[in-house]
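The values are calculated or read from the model by the stated rules, or taken from the named source; none is laboratory data. All figures in this text were calculated on a predicted structure; none of them were measured in a lab. Cβ atoms come from the backbone with ideal geometry, glycine included; neighbour counts cover every protein chain shown.
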Amino acid sequence: MSSKKDSIRYIFTVAFLVCLVCAVVVSTAAVVLRPIQQENRQADLRKNILAAAGLWDPSKTVAEQFEQVETRLVNLNTGTFSDEFDTETYDPRSAARDPALSESVSAEHDIASIKRRETYTEVYLINNDAGDLQTIILPIRGYGLWSTLWGFIALEDDMDTIKGLGFYEHAETPGLGGEVDNPAWKAQFVGKEVYGEENNVQLALKKGGVNPELESDRRYKVDALSGATLTSNGVSNLIQYWLGERGFKPFLQNLKAGEA
């Protein structure tokens, strides 16, 4: 009997059955847990949208707070709202990888190192009790030192003044570039302006720190991250790109003029 159990055939049969059972368990778990994982990812994304706008309240549920947010689709090529896709199922990140739903960004213009830009993306609107636009939250991304930083930037109803900024995904160096997550650093963006006298993007990080005696610094500059020059440059570049002509600027101009 023992010789049978010691045979090559028996060993391979047992190993195969164990692998089969494990594969079935793992596959079943993956299928069962996928909706929960997707729900958690969506909740985390919504939490970061609320946080960027300064509205996140940990004492309330994400779903409850997100009821005040309207999700709209925007055609970045035309700078107008679109109903081309359902925002409940549309995924801008996947679209950016799809040649049919995105376009290549030339090296000359790709200051944020995104390579491809989706044609349609989502924006998030918050209206006051009278139904007037109060805050708009825009998705932003760009490469830092080690990774692409994914985040949101919130603007006041003038489409120019910053209400908040935050990143929800990156792999920058903890204690250096990772300080993009520092609430004190992010707070510096609040109240800053995006566009200068000629309507060009002036908002940027400044190496060496903001000089409060300079009006341009007070209005448009934020302290660069200490010891993280490339991450700081990346943040400046992604702001310049996404709030510029090839990003949301045409849409923001149309929205402000009531033509979006």
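The table that follows gives values for the structure above.
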item	result
Checking Ser216 against (1) within 17 Å of Ile111 (Cβ to Cβ); (2) free of Cβ contacts under 8 Å to residues at least 24 places away in the same chain; (3) among the small types (Gly, Ala, Ser), the condition it does not meet	(1)
The one condition in (1) in contact (Cβ under 8 Å) with a residue 60 or more places away in the chain; (2) closer than 19 Å to Ala112 by Cβ that Gln202 fails to fulfil	(1)
All positions within region 78-128 that are loosely packed, with under 14 Cβ neighbours inside 10 Å and closer than 21 Å to Ile239 by Cβ	Arg93, Ser106, Ala107, Glu108, His109
Residue list for region 201-219, restricted to those being more than 19 Å from Gln240 (Cβ to Cβ) and among the acidic types (Asp, Glu)	Glu213, Glu215
Index of the failed condition, Asp129 passing every other in (1) modelled with pLDDT of 95 or more; (2) in a loop (DSSP other than H, G, I, E, B); (3) not polar (S, T, N, Q)	(1)
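Results for (1) hydrophobic (A, V, I, L, M, F, W, C); (2) at pLDDT below 95; (3) not assigned by TED's automatic domain parsing to the domain that holds Ser236, shown as yes or no for each residue.
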position: Ile8; (1), (2), (3): yes, yes, yes
position: Thr13; (1), (2), (3): no, yes, yes
position: Asn40; (1), (2), (3): no, yes, yes
position: Asn75; (1), (2), (3): no, no, no
position: Tyr90; (1), (2), (3): no, no, no
position: Glu103; (1), (2), (3): no, no, no
position: His109; (1), (2), (3): no, no, no
position: Ala112; (1), (2), (3): yes, no, no
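For (1) of a type outside the set (D, E, K, R); (2) modelled with pLDDT under 95; (3) touching a strand residue (DSSP E or B) at 6+ places or on another chain (Cβ under 9 Å); (4) not assigned by TED's automatic domain parsing to the domain that holds Phe248, each residue gets a yes or a no:
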{"residue": "Val180", "(1), (2), (3), (4)": "yes, no, yes, no"}
{"residue": "Gln188", "(1), (2), (3), (4)": "yes, no, yes, no"}
{"residue": "Glu193", "(1), (2), (3), (4)": "no, no, yes, no"}
{"residue": "Asn200", "(1), (2), (3), (4)": "yes, no, no, no"}
{"residue": "Leu203", "(1), (2), (3), (4)": "yes, no, yes, no"}
{"residue": "Gly208", "(1), (2), (3), (4)": "yes, yes, yes, no"}
{"residue": "Asn211", "(1), (2), (3), (4)": "yes, no, yes, no"}
{"residue": "Ala228", "(1), (2), (3), (4)": "yes, no, no, no"}
{"residue": "Ser236", "(1), (2), (3), (4)": "yes, no, yes, no"}
